[in-house]
1. In the stretch 183-197, which residue that is open to solvent by 80 Å² or more (accessible area, probe 1.4 Å) and modelled with pLDDT under 95 is farthest from Ile48 (Cα to Cα)?
2. So Leu165 clears everything in (1) open to solvent by 60 Å² or more (accessible area, probe 1.4 Å); (2) more than 25 Å from Ala22 (Cα to Cα) except one condition, right? Which one?
3. Determine whether Gly98 is of a type in the set (Gly, Ala, Ser), in a loop (DSSP other than H, G, I, E, B), surrounded by fewer than 14 Cβ atoms within 10 Å (Cβ to Cβ) and over 25 Å from the mean Cα position of the chain (by Cα).
4. Among the candidates Val144, Val173, which residue alone is aliphatic (A, V, I, L, M), touching a residue at least 24 places away in the same chain (Cβ under 8 Å) and not in a loop (DSSP other than H, G, I, E, B)?
5. Tell me, which helices (runs of 4 or more DSSP H) wholly within the stretch 183-273 include 3 or more residues that are under 14 Å from the mean Cα position of the chain (by Cα) and without any contact (Cβ under 8 Å) to a residue 40 or more places away in the chain?
6. Conditions first: (1) at pLDDT 95 or above; (2) open to solvent by 70 Å² or more (accessible area, probe 1.4 Å); (3) out of contact with any Gly (no Cβ under 7 Å at 6 or more places or on another chain). Asp145 passes all but one, so which condition is the exception?
7. Taking the options Ala209, Ala213, name whichever one is of a type in the set (A, V, I, L, M), out of contact with any strand residue (DSSP E or B) (no Cβ under 6 Å at 6 or more places or on another chain) and open to solvent by 20 Å² or more (accessible area, probe 1.4 Å).
8. In contact (Cβ under 8 Å) with a residue 24 or more places away in the chain, under 18 Å from Asp202 (Cβ atoms), part of a loop (DSSP other than H, G, I, E, B) and in contact with a helix residue (DSSP H, G or I) (Cβ under 7 Å, 6 or more places away or on another chain): does that describe Pro320?
Amino acid sequence: MYDEQQQPDQGPLAGFTVGVTAARRADELGALLQRRGATVLHAPALRIVPLADDGELLAATRQIIDQAPDVVVATTAIGFRGWIEAADGWGLGEQLLGRLRGVELLARGPKVKGAVRAAGLTEQWSPSSESMAEVLDRLLEEGVDGRRIALQLHGEPLPGFVEALRAGGAQVVLVPVYRWMPPEDIGPVDRLLDAVVSRGVDALTFTSAPAAASLLSRAEQRGLLGELLAALGHDVLPACVGPVTALPLQARGVDTVQPERFRLGPLVQLLCQELPGRARALPIAGHRVQIRGHAVLVDGELKPVPPAGMSLLRALSRRPGWVVARADLLRALPGAGRDEHAVETAMARLRTALGAPKLIQTVVKRGYRLALDPAADAKYADA
């Protein structure tokens, strides 16, 4: 395999740019990506606002203390810890814990179990899939008619979850521990959106459904929703940490990739497989060339290429070995205008960046072509 020829210090994501929309644990995700060679463009699509002083959370906490629920569903570790800490701040911590010890406590996943046990409590059950759908299935199988169920929210209502419980006859108490809000500085989000629609990133990562919904909403406000969806549907890989995160994108018809385990590490590993697998590798002029997002691997050596050069190279690689006219290459150059001399200038810089001038042939009075190896001509003749 060509990727095995990479220099070890480059990493499988060298030459690729990955957008990160996370607000929480963004540094961790960014570090994992950078250690594997990626260039990271971070723009938190939302911010988390704690509700320690919020009347809704205080009211829900008192309601649970005054009238014990039959079931409490803990959905996130940070949310459950925040709830207990807020109750402690109001002088209600021990009363809340006392109530929670006497109810059926369900925890979505091992991190939530850890938070539950750190509070001195024990969960009755936790789904192996870490899926809220499995939690809902269990509750409905047990029967919820007439039961009182307290639900610690993610930051926004869980799609369909509350409605299904209420349709089954349950009384649902919502515990809003924190809320997702738009970022105070919208500039980074706008820059990320611009990069996505211009194909300046190769993948866009999402670790929460609210972040996905927030980015879509901002794109709609700017009149870029159609362009964003087109980019995510073809050229920019949308990668979600799990199926719940993917819901807002799926609702817009965007297919996403997700790791089998809903964690940051497996998400990064998935990108390490997907992005190099999508990059085109060609035998050109006796070299093995793989075209990545903002760089090219020539015989396993990473060659950074300016944006104009990458635009030319992508245009040439769409039909390897075929001559591409200067006029067509000019149209591929961003903001080049009508002067075909811009193609010659960008081409000269591209050849210098690649370090192997013979990769691209000049065809006099016609244009340029990739010098595809003869043995590969038949394979790409009808490309």
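1. That would be Asp185.
2. (1)
3. no
4. Being aliphatic (A, V, I, L, M), touching a residue at least 24 places away in the same chain (Cβ under 8 Å) and not in a loop (DSSP other than H, G, I, E, B) holds for just one of Val144, Val173, which is Val173.
5. Of the helices (runs of 4 or more DSSP H) lying wholly inside the stretch 183-273, those with at least 3 residues that are under 14 Å from the mean Cα position of the chain (by Cα) and without any contact (Cβ under 8 Å) to a residue 40 or more places away in the chain span 225-234, 243-250.
6. Unmet condition: (3).
7. Ala213
8. Against the criterion (in contact (Cβ under 8 Å) with a residue 24 or more places away in the chain, under 18 Å from Asp202 (Cβ atoms), part of a loop (DSSP other than H, G, I, E, B) and in contact with a helix residue (DSSP H, G or I) (Cβ under 7 Å, 6 or more places away or on another chain)), Pro320 does not qualify.
The values are calculated or read from the model by the stated rules, or taken from the named source; none is laboratory data. Bear in mind the structure is a predicted one, so any value in this text is a computation, not a measurement. In this analysis, Cβ positions are derived from the backbone assuming ideal geometry, glycine residues included, and neighbour counts consider all displayed protein chains. Each accessible area value is taken on the protein alone, full model and side chains, heavy atoms only, with ligands, DNA and RNA left out. Shrake-Rupley method; radii C 1.70, N 1.55, O 1.52, S 1.80 Å.
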